[in-house]
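Contents: one structure, followed by commentary.
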Amino acid sequence: MEGGMISVDQWAKGSQAYFLTHLHSDHTRGLSSTWSNGPLFCSRTTAKLFPLKFPDFNFAFLRIVEIGSWHRLSLSSPSTGSPASIQFMPIDAFHCPGAVMFLFRGVFGHVLYTGDFRWEETGERSVKAKNMLIDALNGANVDVLYLDNTYCNPVYCFPIREVATQQVIEIIASHPEHDIVIGIDSLGKEDLLLEISRCLKMKIWVWPERLQTMHLLGYPDIFTTRTSLTRVRAVPRYSFSINTLEGLNATKPTIGIMPSGLPWVSKPFEGKNKKGFSLSVASKNRRILTSNGTRVDLNMRSVEKVQNHIFSVPYSDHSCYREIKDFVWLVKPYNVKGIVSMSSCYVNPVYYLSHLFSSNRASQSTCLDPEICEEVEMKGKTKRTNFTGTGRKKRTTEANFLGVRIRRVSILRQINRGVKIVECDSPD
DNA sequence: GCGATCAGAT
DNA sequence: CACATCTGATCGC
C-alpha cells in the first residue's frame with residue numbers, strides 16, 4: 001500500500017484523483033476553498049451546490065460526471081509509475097441531492113464505494129439505480145465493497161420514505177391548530193417537504209441558507225423565509241430540542257416532528273406515551289397507494305410520540321438493515337468494509353451479515369425476523385463462524401468469514417471517513 | 001490572530 | 001441507540 005491512486009470522500013494529499021459522493025460535512029472534512037490536491041469528481045447536482053459550501057473553490061479542479069456513464073481515467077501505477085487506466089461509473093445513491101455511489105474497475109478489480117445510500121425496494125429511482133448497477137457489473141462480482149453500514153443491524157427496520165412521508169402528513173393534518181416544526185439538516189429530506197407542501201397545500205418555512213439551497217436545486221417556489229406565510233417550519237436539527245419545543249409552546253401550541261431512521265425503542269425521557277401514537281379513528285388502518293401501484297399499511301405504530309410535543313417518524317435517508325442485506329446479496333462482494341465507524345459500539349458490517357451463516361442462529365433471537373434468516377451465499381463458499389449473541393458487546397476481535405479476515409475496531413471515534421484506493425487494494 | 005482540528009452537546 | 005451539525009477549546013503557524 002505505497003502510493004495512492006484515487007481517494008473517495010477523503011482529502012489527504014497523495015492521490016491522483018479525488019471523488020466526492022455527496023456534500024454532507026462528514027464527507028467533506030478536509031476539503032476547503034483552497035483545494036489544490038488534484039481533480040475532484042462529483043455529480044452535477046453536487047457541483048451546483050458546491051459554491052454554497054465552498055465559495056472560493058477553484059472550479060478548474062471540479063469534474064462533473066454523469067450518472068450512469070462509464071468514465072475512463074488515465075493514471076499511473078503508484079508502484080511502478082507505468083500507465084494504469086481505471087474506469088468508473090457514478091450511480092444514484094438516493095441519499096440526499098447529488099449523492100452518488102462510485103463503481104470502479106481497474107487492475108484492482110471491481111470496487112464499489114456506496115457513500116451514504118438508501119436502497120428502497122420499490123420506486124422509480126430505486127429500480128433505475130438497481131438496474132444501472134446490475135448492467136454496470138455485467139455479471140461480475142464486486143471485489144471490495146465499501147458499504148454505508150449506518151443501520152447495519154437487524155434492529156434497524158423502517159418503511160420506505162413514501163410511507164414515512166404519509167405518516168408525517170397525517171400528524172400535521174391531525175393537528176390543524178398547531179404550528180409544526182420539522183428537524184432537518186443542511187441537505188436532504190427535500191422530498192418530504194415537497195410532498196407535505198403538495199398534499200396540504202401550504203408553503204414551508206426554511207432558514208435563509210436553506211432557501212438558497214432550495215433555489216439552487218431548482219425546487220418550486222413553495223419555500224419561504226417569512227414565518228407569517230405558513231404554520232410549518234423546517235428548522236436545523238441541532239436547534240430542535242425538548243426545551244425549544246416547550247419554549248415555543250409557551251407562546252403557541254406547537255408540535256415537533258423528528259424524521260429519523262432510529263427505532264426509538266427506548267428513550268432517555270421518562271414520560272408517558274412512549275409507545276405508539278393514536279390518530280383519529282378515520283385515519284387508523286388506512287392504506288396508501290405507493291408509486292409502484294401496491295398498497296401498504298399506513299402503520300402509525302412506527303410513529304412515536306416521544307415527549308409531550310415531539311413525534312418521531314421513521315424517515316431515513318440511509319438504508320435499513322433489510323435493504324443493506326438485499327444490496328449485499330445483489331453485488332456479492334468478496335470483501336466488505338464499513339465506511340461508518342463513528343460510534344462507540346461500531347460493529348463490522350460483516351458481523352450481522354455473517355449471522356446469516358451462524359450455526360446457532362435459531363437459539364438467538366428475537367430481533368431477527370424470519371426473512372432475515374434466509375440463507376445468503378457469497379461466492380458459493382459458506383463458512384460458519386463462531387459468532388454468538390447479539391453483537392455489540394462481543395469480545396471476539398477477529399473472525400474468518402468467507403476467507404476474509406475481519407476485525408472489530410477498538411477505537412472509539414474514527415477520524416477519517418472515506419478511503420484511498422491503491423493499485424493493489426485487493427481483498428485482504 | 002486565524003484556520004484547522006478536536007471534544008462535547010444536541 | 002446515531003446522524004449531521006453546531007459551539008467552543010486547543011493547536012500550529
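From the alpha carbon centroid of the range A:39-67 to that of the range A:228-263 is 33 Å.
Per the Debye formula on identical point scatterers at the alpha carbon atoms of the range A:67-128, with no solvent, log10 I(q)/I(0) at q = 0.12, 0.23, 0.24, 0.29 Å⁻¹ is -0.38, -0.93, -0.98, -1.19.
The order of the peptides A:62-75, A:107-120 by mean Cβ neighbours within 10 Å, most packed first, is A:107-120, A:62-75.
Taking 0.36 nm per residue of separation and subtracting the Cα-Cα distance, what length does fully extending A:E246 through A:E177 add? Result for the pair: 23.2 nm of gain on full extension. Histogrammed with a bin width of 10 Å, the alpha carbon distances of the range A:28-109 distribute as 16, 42, 35, 8, 0 percent, first bin at zero.
Antiparallel as a % of all DSSP beta bridges within the range A:1-151, to the nearest 5? Counting DSSP beta bridges with both partners in the range A:1-151, the antiparallel share is about 60 percent.
Farthest towards the positive end of the charge dipole of the range A:88-196, among the residues A:V142, A:P159, A:T114, is the Cα of A:V142, using unit charges on the Cβ of Lys, Arg, Asp and Glu.
Taking one quarter of the surface of the convex hull spanned by the alpha-carbon atoms of the range A:1-152 gives a direction-averaged projected area of 9.3 nm². Where the centre of each part is set by its Cα atoms, how far does the range A:306-320 sit from the range A:147-223, in angstrom? If you average the Cα positions of each part, the centres end up 11 Å apart.
Principal axis analysis of the Cα atoms in the range A:194-253 yields extents of 35, 23, 18 Å, listed in decreasing size.
Every number in this text was worked out from the coordinates using simple rules, so none of it is lab data. What you see is a predicted model; the values in this text were computed from it and never measured. Counting neighbours? That spans all protein chains shown, and the Cβs are built from the backbone with ideal geometry, glycine included.
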